[in-house]
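Okay, structure first, notes after.
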């Protein structure tokens, strides 16, 4: 074996040792910065500090497997939460959430606005309308069902205004629980040299 060949082998081995040392140091520093407190991480850090590289690699692989299991459990938990939020959003649409109320005088000889119309709706304009009419002789109360902003009987002007006031209230919007999809990195454009080489190859094929 010549001297140059032996020197080349020594340089290659030295480069491999240095690269392995740098990689192990980076892993050890990352573990320290993350401050992971479980036994597997401490075992990896201790093995790296004591120079037991093979044991450190085994411990690191074991830790990564357990971390993968925990990530899978978290993913399942997140999917269950998404389903729960979806059910809550569906129920929220039928909750009574919008209110319109109007006080007025039901007769000319009565003042103080002792009569009132109360309308309560859900997100689909379904609900009920309660009207109380007060005069000097008696007080009457009516309850009407509201379906898609309509009733089975003609409304008083004050009742219609209470219905419009309820419909003007904001609707409870569904919670934004869906996680956005990760953006795909743009495809790299081909190098000009590669394009020219492909064109030359195609020309050579045509000539043949």
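Can you give the extra length, in nm with one decimal, that the chain gains between residue 103 and residue 85 once fully stretched, where that is 0.36 nm per residue apart less the Cα-Cα distance?
Details: separation 18, 0.36 × 18 = 6.48 nm, distance 3.82 nm.
Result for the pair: 2.7 nm of gain on full extension.
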Residue 136-residue 68 pseudo-label distance in nm [points 7 Å out on the Cα-to-Cβ vector]: 8.9 nm
So what are the radius of gyration and Dmax for the Cα set of segment 98-167, in Å? 12.1, 39
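Given R₀ = 41 Å, FRET efficiency for residue 152-residue 111 by Cβ-Cβ distance, to 0.05? Don't skip to the end; give the middle numbers.
Details: r = 32 Å, r/R0 = 0.78.
That pair, residue 152 with residue 111, gives E of 0.80.
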Relative to the present Cα-Cα distance, how much length would full extension add between residue 13 and residue 96 at 0.36 nm per residue of separation? 22.3 nm
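Where a number appears in this text, it was derived from the coordinates with a stated rule and is not lab data. Here the structure is a predicted model, which means the values were calculated and not measured. Glycine also receives a Cβ, built like all others from the backbone with ideal geometry; neighbour counts cover every protein chain displayed.
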